[in-house]
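Beneath this line is the structure, given in C-alpha cells, with notes to follow.
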Amino acid sequence: MADRALLGPWIRRFLVEHLTMERNLSTNTRASYRDVLVQLLPFAARRVGKSVDRLKITDLGPTLIRAFLADLEDARHCSVATRNQRLAGIHALARFIGESSPEHVEWCMQIRLIPFKKTTQGGVSYLDKPEMDALLAAPDRSSPRGRRDYALLLFLYNSGARASEACTVRIADIDWHVRSVRLLGKGKKCRTCPLWPSTIEQLRLCAGSRHPEEPLFVNRNGQPMTRFGIHTMVERHAAKAAIQISSLSGKKASPHIIRHSTACHLLRSGVDINTVRAWLGHVSINTTNIYAETDLETKARALETCAPVVDMKHGKRWRDQPELMTFLRTL
C-alpha cells in the first residue's frame, strides 16, 4: 500500500477483500456497508475541504463522525435505528483498519467508543385475516402477471419468507412431493418451510417447464425479481385491496408486513413460539417474542385460561349496593 494514511485504499480492501473474501458476508450486508460510505465520504470531504480521494484516515475523527450521525437525524430525518445501522458500518471499518494497521489503533478505539443510541421497541404491524384474504384476492389471475403475483403473495404468506429470500428461491428449492421449500436466510442459514397444497399448485404454474436452476419468480423480462420489485408489487395490490377493506389504507404495505402476519396468525392458531422462530429463521427467541407481545387476541386467550372464578353468592356487585352509591355521591 503506497500511502497507509490515505483512506481510499483501505476502503477498497474493506469492501472487496475483507467483507467478501474474509468474512463472506451476504450481498445485502455488503451493500449496506457500501451505502454508509457513499453518504459519509462526501460529507467528510465537505467538512475538511478535501476531495474524496485525498481523505486520510484521521480526517474521519470522532467529532466528524458525530456530526455525520447528527446530520442523518436532523437533515435527512433518518430514524434512530438507521443512525445506529450507519454507525455499525463505521465501527466495522474502524475495526478492520485498527486490526491491520497498528499505528491507527488509537484512532480505531476513539471511533468505536462512539455509542449507539437506545431505541424504543415499537409494536409490530400486521394484517388481520380478512385483510390478508383481501390482499390475496387483489391480483387479476386471468393474466400471466396476475397469476405470478398471486403465487408470490401466497408464497410469502405461507412461508413467512423475507423479500430477499423470495428473490433467491430457485425452482430446484421446491420439493414438490414433500410440499416444502428450502430458504437461504440471513447469515447464509438454510431452513425448510412446509407449503400448502394450494401454494404448490400455484408455484407449479409459476415454474412451468423451466430449468430447475432458474429463479422461481421472474419479471416480465425473464430476470429474477428484485426486493424493490416485490415491494412495489405488494404495495400495488394492497392499494387495490384497500378499496374493499378500508383498514388496509392505514397500514404500510410491504413484504415484511406479510411476514409479520404469518407469525401472528401461526401464534393465533396455537403453534408454539419455538416453531414460529424456526419457521421465520430467527436466531434468537427474543426476536420472535415480539409477536406474542403484539397480538392482543393471543394475550386475551391466555388471560381467559387463568381468570378467577367469582362466586356471586358471597357478595353483591358495587352497582347493586344503593347505600354505597348514596355514600359515594355525598363525597
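Only the coordinates and a few stated rules stand behind these numbers; no lab work does. Since we're looking at a predicted model, the values are computed, not measured. When we count neighbours, we look across all protein chains shown, and the Cβ atoms used for this are built from the backbone with ideal geometry, even at glycine.
Descriptive notes on the structure:
- With the simple spin-label model, which puts each label point 7 Å out from Cα in the Cβ direction, the SER100 to LYS189 separation comes to 2.9 nm.
- Difference of contour (0.36 nm per residue) and Cα-Cα distance, SER209 to LYS56: 49.6 nm
- Across the range 7-19, coupling constants 3J(HN,Hα) worked out from phi with the 6.51/-1.76/1.60 Karplus curve, θ = phi - 60°, read 7, x, x, 5, 5, 4, 5, 4, 6, 8, 9, 5, 5 Hz, and Gly and Pro carry x.
- Of LYS117/LYS240; LYS129/LYS240; LYS117/LYS252; LYS118/LYS186, those spanning more than 27 Å from alpha-carbon to alpha-carbon: LYS117/LYS240
- Cα extents for the range 184-285 along the principal axes, largest to smallest and rounded to whole angstrom: 38, 37, 28.
- Built from the Cα atoms of the range 52-211, the convex hull projects on average onto 15.0 nm², one quarter of its surface area.
- Between ARG227 and VAL16, the modelled labels are 2.4 nm apart [label points 7 Å from Cα along Cα→Cβ].
- Remark: the range 136-281 carries a charge dipole of roughly 300 debye about the Cα centre, counting +1 on each Lys and Arg Cβ and -1 on each Asp and Glu Cβ.
- Taking amide hydrogens as placed 1.01 Å from N in the peptide plane, the amide H of GLY185 sits under 5 Å from those of CYS190, ARG191, each at least 5 positions away in sequence or on another chain.
- Computed as a quarter of the hull surface, the mean projected area of the alpha carbon convex hull for the range 129-305 stands at 10.9 nm².
- Once both labels are positioned 7 Å from their Cα atoms along Cα-to-Cβ, the gap between ASN24 and ARG46 label points is 4.1 nm.
- In order along the range 55-71, the phi-based Karplus estimate (6.51 cos²θ - 1.76 cosθ + 1.60, θ = phi - 60°) of 3J(HN,Hα) comes to 5, 9, 4, 5, 5, 8, x, x, 5, 5, 5, 5, 5, 5, 5, 5, 5 Hz; Gly and Pro are listed as x.
- Kirkwood radius, the range 164-243, all distinct C-alpha pairs, inverse of mean reciprocal distance: 13.7 Å.
- Amide H partners (placed H, <5 Å) of ARG170, local residues excluded: LEU216
- For SER180, the residues whose modelled amide H falls within less than 5 Å of its own, excluding neighbours fewer than 5 places apart on the same chain, are ASP175, LEU195.
- Cα gyration tensor shape for the range 226-272, rounded if a/c is under 1.5, else prolate or oblate: oblate
- Only Cα sites of the range 7-112 enter the Debye sum here, all with the same form factor; the resulting log10 I(q)/I(0) across q = 0.24 1/Å is -1.51, listed in q order.
- By average C-beta atoms within 10 angstrom, highest first, the peptides 156-169, 200-213: 156-169, 200-213
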